[in-house]
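Chemist: Would you mind keeping the following structure in view while I ask a few things?
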Amino acid sequence: AAPVALVSGMSSMSKNHIIIKSGTVLEKLSRAKTFAFDKTGTLTRNQLVIDRIVPETGIDKDELQILAASVEQASSHIIATSLVKATPKAKLHSVTDLEEVTGQGVRGKVAGKVVCVGKLSFVAPDKKLENINSTAIYISIDNKFAGYITFADQIRPETPDTISSLRTQGAQHIMMLTGDNSKVAQKVAAIAGVDDVRSSLLPAEKIAAVKGIKAENRPVVMTGDGVNDAPSLMAADVGIAMGAKGATAASESADAVIMVNDLSKVSDAVAIAKHTMKVAN
Ligand code: ADP
Ligand code: MG
């Protein structure tokens, strides 16, 4: 394509709060038929609301929340930031001996106790619980299961229109790649209009899903927001970061960064790319 057209396309993107890192992104975006999305914070709002706090007997709800939030201060995961925000700052303890496992959870020493927060398989692999059909974190204190906290994960208001706009523009395959459970994933997908749902994925499995599509010679555009999405953004033909806050790991790994908290910029980006390529050729 003519360089002048590409430059003008890039400038049009930036006027729309979409930063693209090279002109080839325009060509790739204009042709893509497969779009993959992370769920939490991408198809859904970037803040979760605490729904239920369910401690084991002998533990106080507030104490459970405070210990969990204290450890989560160290994590940039959207569950972590939402929990910390919902907890009075003055009550948070400092943390030492921190260890975060991407897509699994965090562990650290808080008020003399080892507190572990994240997926049940990470926190207390031997614990049997009935299925919790919400977005949830599980907590152990000194290696003893201590309870869980569930969150309402609300779809972004602009998500259904964004997906349908992509389809109108020629997208044939819309995927959700999420580490969350299948119940939550299916519920969000139904409202969003996503037909291919892959849930309970570890970060490595997200990458494998992206590479699987690419192996069929189909270019993939992947949109995500979190640190755990960085590798799959990198694996995609075009990685788009919802990076309103700037220099996150996701935006560093991405080919395009959306600078505002608005998913509809993904379909806008495709429209601009298609227009640019039409003018350029
Ligand atoms: P998604 O792909 O939908 O953004 P993730 O892969 O980031 O979800 O996370 C999947 C699950 O792993 C979460 O629902 C949560 O249970 C757990 N998890 C991951 N990181 C953390 C963390 N820092 N704190 C608590 N839970 C976490
Ligand atoms: Mg996410």
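The values are calculated or read from the model by the stated rules, or taken from the named source; none is laboratory data. Because the structure is predicted, anything quoted here is derived from the model rather than measured. Cβ: placed from backbone, ideal geometry, glycine included. Neighbour counts: every protein chain shown. Only protein heavy atoms, including side chains, enter the accessible area calculation; ligands, DNA and RNA are left aside. Shrake-Rupley method; radii C 1.70, N 1.55, O 1.52, S 1.80 Å.
Chemist: Mind checking which lysines have their C-alpha under 16 Å from K128, skipping anything on the same chain fewer than 8 residues away?
Modeler: Partners found: K119, K144.
Chemist: Oh, and also: About its Cα centre, what dipole magnitude does the chain give when the only charges are +1 on Lys and Arg Cβ and -1 on Asp and Glu Cβ, stated in debye to the nearest 20?
Modeler: Around 460 debye, computed over the chain.
Chemist: Next question, about the same structure. Arrange the residues L6, L98 by how much accessible surface each exposes, largest first, with a 1.4 angstrom probe.
Modeler: So, going from the largest accessible area down, we get L98, L6.
Chemist: Can you sort I191, I174 by 1.4 Å-probe accessible area, starting with the largest?
Modeler: Listed by decreasing accessible area, they come as I191, I174.
Chemist: Counting only the heavy atoms of the protein chains, how much of L92 is accessible to a 1.4 Å probe, in Å² to the nearest 10?
Modeler: Surface open to solvent at L92 totals about 30 Å².
Chemist: Ignoring everything but the protein chains, give the 1.4 Å probe accessible area of I137 in square angstrom, nearest 10.
Modeler: 10 Å²
Chemist: Another one. If you wrap segment 49-152's Cα atoms in a convex hull and average its projection over all directions, what's the area in nm²?
Modeler: Value for segment 49-152: 6.0 nm².
Chemist: Just want the answer: with Cβ charges of +1 for Lys and Arg and -1 for Asp and Glu, which residue in A68, V114, Q47 is farthest toward the dipole's positive end in segment 2-122?
Modeler: Checked the options; the winner is Q47.
Chemist: While we're on this one: Quick one: if the Förster radius is 30 Å, what FRET efficiency do E56 and Q186 give, using the C-beta to C-beta distance and rounding to 0.05?
Modeler: The formula returns an efficiency of 0.55 here.
Chemist: Next question. Residues with amide H under 5 Å of A74's amide H, sequence separation 5 or more or different chain, H placed in the peptide plane at 1.01 Å from N; which?
Modeler: It is none; the list stays empty.
Chemist: With +1 on each Lys and Arg Cβ and -1 on each Asp and Glu Cβ, how big is the dipole of segment 49-152 about its Cα centre, in debye rounded to the nearest 20?
Modeler: With Lys and Arg at +1 and Asp and Glu at -1, about 100 debye.
Chemist: Now for a separate question. Among A236, I213, N181, whose Cα projects farthest towards the positive end of the dipole of segment 170-281, with charges put on the beta-carbon of Lys, Arg (+1) and Asp, Glu (-1)?
Modeler: Highest projection toward the positive end goes to I213.
Chemist: Taking the dipole about the Cα centre of the chain, with the C-beta of Lys and Arg at +1 and of Asp and Glu at -1, give me whichever of I137, I155, A124 is farthest to the positive side.
Modeler: Positive-most Cα among the choices belongs to I155.
Chemist: Can you tell me how much longer the chain between D195 and E216 gets when fully stretched, taken as 0.36 nm per residue apart minus their C-alpha distance, in nm with one decimal?
Modeler: The span from D195 to E216 would gain 5.7 nm if fully extended.
Chemist: Could I ask something else about it? Between L129 and K278, 0.36 nm times their residue separation minus their Cα-Cα distance comes to what?
Modeler: 48.1 nm
Chemist: OK, next. Quick one: net charge of N281's neighbours, Cβ under 15 Å, K/R +1, D/E -1?
Modeler: For residues surrounding N281, the net value is +3.
Chemist: Ordered by residue, what ³J(HN,Hα) values in Hz, to whole numbers, does segment 270-281 give under the Karplus form 6.51 cos²θ - 1.76 cosθ + 1.60, where θ = phi - 60° and Gly and Pro are x?
Modeler: Result, rounded to whole Hz: 5, 4, 5, 4, 5, 4, 4, 5, 5, 5, 6, 9.
Chemist: How would H17, H173, H93 rank on accessible area, largest to smallest, probe 1.4 Å?
Modeler: Ranked list, largest accessible area first: H17, H93, H173.
Chemist: Taking only the alpha-carbon positions of segment 139-281 and ignoring solvent, what does the Debye formula give for the base-10 log of I(q)/I(0) at q = 0.15, 0.20 Å⁻¹?
Modeler: So the normalised log intensities are -0.82, -1.40.
Chemist: Find the accessible area per residue for segment 1-87; the probe is 1.4 Å, ligands and nucleic acids are left out, and the unit is Å².
Modeler: On a per-residue basis, segment 1-87 sits at 44 Å².
Chemist: For segment 26-100, restrict the atom set to alpha-carbon positions and state the Rg and Dmax in Å.
Modeler: Considering segment 26-100 through its Cα atoms, Rg and Dmax are 17.5, 59 Å.
Chemist: Relative to 2.2 N^0.38 Å, what does the C-alpha radius of gyration of the chain come to as a ratio? Two decimals please.
Modeler: 1.07
Chemist: Equivalent-ellipsoid semi-axes (√(5λ), Cα gyration tensor) for segment 127-189, whole Å, largest first?
Modeler: 34, 11, 9
Chemist: Further question on the same structure: Which pairs break 27 Å Cα to Cα here: K33/K206; K39/K85; K91/K183; K61/K89; K61/K109?
Modeler: Check vs 27 Å cut-off fails for K91/K183.
Chemist: If the label point is 7 Å along Cα→Cβ of A152, which residues in segment 42-61 have backbone nitrogen under 20 Å from it?
Modeler: In segment 42-61, the label zone of A152 (backbone N under 20 Å from the point 7 Å along Cα→Cβ) covers 42-55.
Chemist: Quick one: putting +1 on the C-beta of Lys and Arg, -1 on the C-beta of Asp and Glu, what dipole do you get for segment 159-204 around its Cα centre, in Debye to the nearest 20?
Modeler: Dipole size: approximately 80 debye.
Chemist: Please turn the phi angles of segment 169-175 into ³J(HN,Hα) values with the Karplus equation 6.51 cos²θ - 1.76 cosθ + 1.60 (θ = phi - 60°), one per residue in order, whole Hz, x for glycine and proline.
Modeler: 8, x, 5, 10, 9, 10, 10
Chemist: Ok, one more. Based on the Cβ-Cβ distance of S121 and D97, what FRET efficiency does E = 1/(1 + (r/R0)^6) give at R0 = 30 Å, to the nearest 0.05?
Modeler: 0.90
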